[in-house]
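Since the structure comes first, as structure tokens, the remarks are kept for the end.
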Amino acid sequence: MPLVLGIETSCDETGVGLVRDGVLLGDALASSMDEHARFGGVVPEIAARAHLEALQPMVRHALDNAGVALAEVEAVAVTAGPGLASAVQVGLAAGKAYALSLGVPLYGVHHLAGHAAVDTLEHGPLPDRCIALIVSGGHTSLLLLGDLARDPIVHLGDTVDDAAGEAFDKVARLLGLPYPGGPAIDRAARDGNPDAIAFPRPLPGTYTFSFSGLKTAVARWVERHHGPVPVADVAASFQEAVADTLSRKAVGACREHHAGTLLMVGGVAANSRVRALTARRCAQAGIELRVPTPRLCTDNGAMIAAVGDLIARAGLPPSPLDLAMQPTLTLTQALVRPSRSTP
Ligand code: KG4
Ligand code: ZN
């Protein structure tokens, strides 16, 4: 089984991981999050520059962590999209350079497939069929998964506007909470009443998501409120609306598609209420819930190494070294197909 080096640079985390045969041997993570905080969101050029500075040290850290030498790496997996173009570009260029200099195969992989694959490092191989709910800062998708490396990925529903994490970030901002908003709302909500305010549950009875109306409902409520805003109650009520919506749709999809397993991944899967409510509803419906530990839910390099490991073991052909990055790429396959070649 090849030793796979995984590289992730699609947003503000520079992640490197080393995986062999479903086992995480070591990883390292640097984040430029603090540099973006005063802008209230990720600034692509700042992220790209930070990746450039952090990448080689993170590769070194991950190798030290795993107790292996760079020369032992037998395949390189790297996020080829989707993500911030300038940020993806840094990791992809580095991945190509490592693959070329080591003389090993390169796998350009889909960032979201990495979010799903990371769970195998903790909970073992995925079942033949499962439903995956991917909830991150940029994406909200309900998927039907077969063999993650080989089978096409079926989208049951996606968001028509904001992603779930984006809604957390925007609502946090209007409540005066720091960026990233998800963890801040999670913390603030601990002291709040989730039933204090009845925020809307958008698009019930479908697998399509929409969070911009919910965000607007929070904004209107805050505008109309007289006196100091009860931040904890607003945070808890908003978080409840998101948790209710996500878990209801995901469990509904498992029932309809006779899937015994729900995989919940992405940054928002780190949310304590989303995890607890989904766990309760899955238990009631007899569905096994798999959620990676919070550290692996947010962007990291282990997830890219994990998907590279699945692809390598499936014996798929490597990516060409002129693979172009694809900033807006729908998830249909874990291995990114070249869309066009750069000369
Ligand atoms: O998966 P991720 O690290 O990056 C993307 O690929 O987007 O997700 C980041 C998102 C951010 O919007 C962040 O606010 C959200 O995940 N997030 C959370 C929590 N931790 C991170 N949202 C809600 N509750 C959390 N505890
Ligand atoms: Zn992500």
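The values are calculated or read from the model by the stated rules, or taken from the named source; none is laboratory data. Because the structure is a prediction, the values reported are computed rather than measured. Every residue, glycine as well, gets a Cβ built from its backbone with ideal geometry; the counts of neighbours run over all protein chains shown. With ligands, DNA and RNA removed, areas are computed over all heavy atoms of the protein, side chains included. Shrake-Rupley method; radii C 1.70, N 1.55, O 1.52, S 1.80 Å.
Some notes on this structure:
- Amide H contacts of THR14 (H built 1.01 Å from N, under 5 Å, at least 5 apart or other chain): ALA30, SER31, SER32
- Heavy-atom surface of region 128-291, accessible at 1.4 Å and reported per residue (Å²): 42
- If you wrap the tightest convex hull around every Cα atom of region 128-291 and split its volume per residue, you get 100 Å³.
- Carbon plus sulfur fraction of accessible area for region 128-291, probe 1.4 Å, in percent: 51
- Amide H to amide H distances under 5 Å link GLY266 with VAL135, where only residues 5 or more positions off or on other chains count and H is placed in the peptide plane.
- Near the amide H of ALA77, within less than 5 Å, lie the amide hydrogens of LEU5, GLY6, ILE7, TYR107, all on another chain or at least 5 residues away, with H placed in the peptide plane.
- Protection proxy ranking, peptides 147-158, 126-137, average beta carbon neighbours within 10 Å, highest first: 126-137, 147-158
- Subtracting the Cα-Cα distance of PHE39 and GLU223 from their residue separation scaled by 0.36 nm leaves 64.0 nm.
- In this Cβ point-charge picture (+1 for Lys and Arg, -1 for Asp and Glu), region 128-291 has a dipole of about 220 debye about its Cα centre.
- Sorting the segments 81-87, 32-38 by their mean number of nearby beta carbons within 10 angstrom, highest to lowest, gives 81-87, 32-38.
- Region 192-272: C-alpha gyration tensor shape, a/c 1.5 cut-off, then a/b vs b/c: prolate
- Partners for LYS249 among lysines (Cα-Cα distance below 21 Å; same-chain residues under 8 apart left out): LYS215
- Taking Cβ atoms as reference points and 12 Å as the exclusive limit, the residues near ASP162 contribute a net charge of -2, counting Lys and Arg as +1 and Asp and Glu as -1.
- Other residues within the sphere of radius under 10 Å centred on the Cβ of ASP244, judged by their own Cβ, net out at +4 (K and R +1, D and E -1).
- Selection from ALA37, ALA87, HIS61, by position along the positive dipole direction of region 16-112 (Cβ): ALA87
- Taking θ as phi - 60° and the Karplus parameters 6.51, -1.76 and 1.60, the scalar couplings of region 8-24 work out to 10, 9, 6, 9, 9, 10, 9, x, 10, x, 10, 10, 9, 6, x, 10, 7 Hz in sequence order, x denoting glycine and proline.
- The value for the chain of Rg(Cα) / (2.2 N^0.38 Å) is 0.98.
- Rg and Dmax over the alpha-carbon atoms of region 212-343 stand at 19.9, 62 Å.
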